[in-house]
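A.B. asks: Starting off with a structure, shown below.
The values are calculated or read from the model by the stated rules, or taken from the named source; none is laboratory data. As the structure is a prediction and not an experimental result, all values here were calculated from the model. Every residue, glycine among them, receives a Cβ derived from its backbone with ideal geometry; neighbour counts consider all protein chains shown. The area values use the complete protein model at the heavy-atom level, side chains included, leaving out ligands, DNA and RNA. Shrake-Rupley method; radii C 1.70, N 1.55, O 1.52, S 1.80 Å.
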Amino acid sequence: MKSLICILVGLCCVTLLPGTPMREIEDRAASGEVAAVAALRDSASAGSLRAMNYLGFLYWQGNGTRLDRDSALYYLRAASDAGDAKAAANLGHLLLAGAPELPADTAQAIRLLDYAASRRSPSAIRELADYFENNPGDSASAQAIKKVADAYSHGHILRYDYRKSIEYYDRAARLGDTVSKRIVSELLEIFPDILVRS
């Protein structure tokens, strides 16, 4: 016997069958369907990191739910602490931008984005690249800077740009990253005039 979650919304009955794909539940929750939001909460309570991350997003935006920044941060932190790269990227973005409910914390944001980038999160790598592009003097993390260099070098996630990759490898090398030091040394043999150092 199939169980149904049935919620009266006006005069119609909204149902979610067991086995409904998570993407469909997320879409329905974003449109404000009460049963879908409840299904996400149930999944989050059962340990679904994806559900926690998505609930955090919904509550932060007030999209499909009431605006509830405390609940948003609760779910994002729980998923991030459990190792979810998307939640780490989302929380890192919020910490980098800051908000009245969440003061900016650049060091923590870079750590979270670095973690997410190491799990190949495209949004985390783009966020790191944007941050380091706009804050060239920040030396928050040699590993995070190296991940940006790798992305430019491979043309994966960021558009291939050998000059930017060398620039970022050099920044990471100056901060002590040994792999970046080796890469810069090898690249300078091929392109001796590529770096203009002050």
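A.B. asks: Using a Gaussian network model on the chain with a 10 Å cutoff between Cα atoms, which of Pro122, Pro103, Pro21 fluctuates the most?
C.D. replies: Among Pro122, Pro103, Pro21, the largest mean-square fluctuation in the Gaussian network model of the chain belongs to Pro21.
A.B. asks: Here is a follow-up. Could you order the peptides 171-181, 152-162 from most to least packed, using the average number of other C-beta atoms within 10 Å per residue?
C.D. replies: Highest-to-lowest ranking by the protection proxy: 171-181, 152-162.
A.B. asks: Right, another one. What is the local net charge at Asn53, summed over the other residues whose Cβ is closer than 14 Å to its Cβ (Lys, Arg +1; Asp, Glu -1)?
C.D. replies: Around Asn53, the surrounding residues sum to +3.
A.B. asks: How many angstrom lie between the Cα centre of the stretch 55-92 and the Cα centre of the stretch 121-198?
C.D. replies: Using only Cα atoms, the two centres lie 30 Å from each other.
A.B. asks: Still on this structure, I have one more. What is the dipole size for the chain, taken about its Cα centre, with +1 at each Lys and Arg Cβ and -1 at each Asp and Glu Cβ, in debye to the nearest 20?
C.D. replies: Here the size comes out at about 280 debye.
A.B. asks: Let me ask something additional. On a 0 to 90 degree scale, rounded to 10, what angle separates helix 122-134 from the longest Cα axis of the chain?
C.D. replies: With rounding to tens, the tilt is 50 degrees.
A.B. asks: Could you look at the chain and say what percent of its accessible area is carbon and sulfur, using a 1.4 Å probe and all protein chains?
C.D. replies: 52
A.B. asks: Moving on to the next point. How high is the relative contact order of the chain, in percent, counting Cα pairs under 8 Å that sit 6 or more residues apart?
C.D. replies: Relative CO of the chain lands at 9 percent.
A.B. asks: A follow-up question, please. Compute the FRET efficiency between Met22 and Tyr160 as 1/(1 + (r/R0)^6), taking r as their Cβ-Cβ distance and R0 = 35 Å, and round to the nearest 0.05.
C.D. replies: With a Förster radius of 35 Å, E is 0.55.
A.B. asks: Give me the 1.4 Å probe accessible area per residue for the stretch 73-167, excluding ligands and nucleic acids, in Å².
C.D. replies: I get 50 Å² per residue for the stretch 73-167.
A.B. asks: While we're here: In the stretch 99-163, which GluC sites (Glu not before Pro) fall in coil by DSSP and have 14 or fewer other Cβ atoms within 10 Å?
C.D. replies: Hits after loop and neighbour filter: Glu101.
A.B. asks: Something else: Count charges around Gly64 for me, please; just the other residues with Cβ under 10 Å from its Cβ, Lys/Arg as +1, Asp/Glu as -1.
C.D. replies: -1
A.B. asks: Compute the long axis of helix 162-174 from its Cα atoms, compare it with the longest principal axis of the Cα atoms of the chain, and write down the angle in degrees, 0 to 90, nearest 10.
C.D. replies: 80
A.B. asks: By how many nm would the segment from Ser185 to Glu133 grow when fully extended, if each residue of separation counts as 0.36 nm and the alpha-carbon distance is taken off?
C.D. replies: Length gained, Ser185 through Glu133: 16.4 nm.
A.B. asks: With θ taken as phi - 60° and the coefficients 6.51, -1.76 and 1.60, list the Karplus ³J(HN,Hα) couplings across the stretch 20-31 in order, rounded to whole Hz; mark glycine and proline as x.
C.D. replies: 4, x, 4, 4, 5, 4, 4, 4, 5, 5, 5, 8
A.B. asks: Can you give me the angle between helix 69-81 and the longest principal axis of the chain, using Cα atoms only, in degrees from 0 to 90, rounded to the nearest 10?
C.D. replies: Result, in degrees: 60.
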